[in-house]
1. For A:Gly127, which inter-copy label distances result when the label point lies 7 Å beyond Cα on the Cα-to-Cβ vector, reported in nm to one decimal and in ascending order?
2. With just the Cα atoms of the range A:94-160, tell me how far they stretch along each of the three principal axes, in Å, largest first.
3. If DNA, RNA and ligands are ignored and the probe is 1.4 Å, what is the ranking of A:Ile149, B:Ile187 by accessible area, most exposed first?
4. At q = 0.18, 0.22, 0.23 Å⁻¹, what log₁₀ I(q)/I(0) does a Debye calculation on the Cα points of the range B:43-91 give, no solvent, two decimals?
5. Over the range B:1-100, what is the relative contact order in whole percent, taking alpha-carbon pairs under 8 Å and six or more residues apart?
6. When the Kirkwood radius is taken over all Cα pairs of the range B:41-200, what Stokes-Einstein diffusion coefficient follows at 20 °C and 1.002 mPa s, in µm²/s?
7. I'd like the GluC sites (Glu not before Pro) in the range B:94-200 restricted to DSSP loop residues with at most 11 other Cβ atoms within 10 Å, sorted by number.
8. Suppose we keep just the alpha-carbon trace of the protein assembly as shown; what are its Rg and Dmax in angstrom?
Protein chains: 2
Amino acid sequence: MGGISGVEDVLMGYIFGKKKATEVAHLVWKHVVQKGDAVIDATCGNGYDTLAMLKMVADESDRFRVYGLDIQKDALENTTSLLDESLNPNEKELVKLFAICHSRMGEVVPKDSSVRLVAFNLGYLPGGDKAITTMSETTLLSLEAAKKILVPGGLISIVVYVGHPGGREEFEAVQAFASGLSVESWICCEFQMLNRPLFI
Amino acid sequence: MGGISGVEDVLMGYIFGKKKATEVAHLVWKHVVQKGDAVIDATCGNGYDTLAMLKMVADESDRFRVYGLDIQKDALENTTSLLDESLNPNEKELVKLFAICHSRMGEVVPKDSSVRLVAFNLGYLPGGDKAITTMSETTLLSLEAAKKILVPGGLISIVVYVGHPGGREEFEAVQAFASGLSVESWICCEFQMLNRPLFI
């Protein structure tokens, strides 16, 4: 756990424009994820989320697993570099990276995995080619896959950047997906900045 | 201040369905409001928000002020009863209640007031006549009035219940208002539960 003061700092920092959306996401993860869990970073990007979730699940055992996916070779290279710098050999062994679309997570994550978190960071690769973005159609397939993989009590975490062509449509598709989930089985919480057009 | 543990309890409690939206609102107020401030409860309802904000601004001085508005006589009677039970004579003296529409707040709040919070609880009076609701048109007038009254660094807090005819339209009007505020001058943060249709 990041500690109680982390909640205050991060959430109020985000509201007042001093913290990033991903930091709020990490905060929520910490309330759900436990040591030894299996977790999925559906969109590795530069690997910061992959590393953050590894730190939340890693313990002395060999039970924990982090599955990282990204369709872009650059993204997985950046993620690998970051992990190489930051992880011990046991941790590195238990992170599995796959150069495939997030919609195919069901193919690479073992069937008996107890996955407690599937995280998405939707948009383009920061520092990469902004023309390559996640897209509504595959994102919706991924969300369906994530629903099937998660254990009860698990979390689907989605940070959406809308500042690219198709970004607003993807955001609306994600909203519609979440709005349609059964209220008995799912808690769907949305947090957004209304007047920052490029970043929600 | 409600204390750091309050942030953790209330926000995570809300996400996980154990705390009310108004409790989250109070939490944000506490990060903005100071002892001695003038504040406005634009929609007194049964007075719980009026009381909560009084407790945040009241000190030993006679500087602080709480202005409470509600168009319904029942609401102001309930608010008065609650305040009578809960306040000392000095505090009671500095709460001013007005039986007018919130859109007319500019008429009753003295021009030289340094108002740091204007709070809205939109929908119907809990326990009252559900046919009497706030409405988009007057709500937008009120938001414009609130913008003019607030000091720099002040907060407009809006909790919206959409579970009544016109509620969804009012919510969208509020969203559009917030989305249109200048990003240089305003931070507009929205927090909602996507799959609880009657309560956001």
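The values are calculated or read from the model by the stated rules, or taken from the named source; none is laboratory data. Predicted model, so just to flag it, every value in this text is computed and none were measured. Don't worry about glycine lacking a Cβ; one is built from the backbone with ideal geometry, like all the others, and counts go over all protein chains shown. SASA here: full protein model, heavy atoms, side chains in, ligands and nucleic acids out. Shrake-Rupley method; radii C 1.70, N 1.55, O 1.52, S 1.80 Å.
1. Spacings between copies for this position, smallest first, are 5.8 nm.
2. Here the spans come out as 36, 22, 18 Å, largest first.
3. Solvent-accessible surface, decreasing: B:Ile187, A:Ile149.
4. The computed values of log10 I(q)/I(0) come out as -0.51, -0.74, -0.80.
5. Worked out over the range B:1-100, it gives 25 percent.
6. 131
7. B:Glu184
8. Every Cα atom of the protein assembly as shown included, Rg and Dmax give 23.5, 70 Å.
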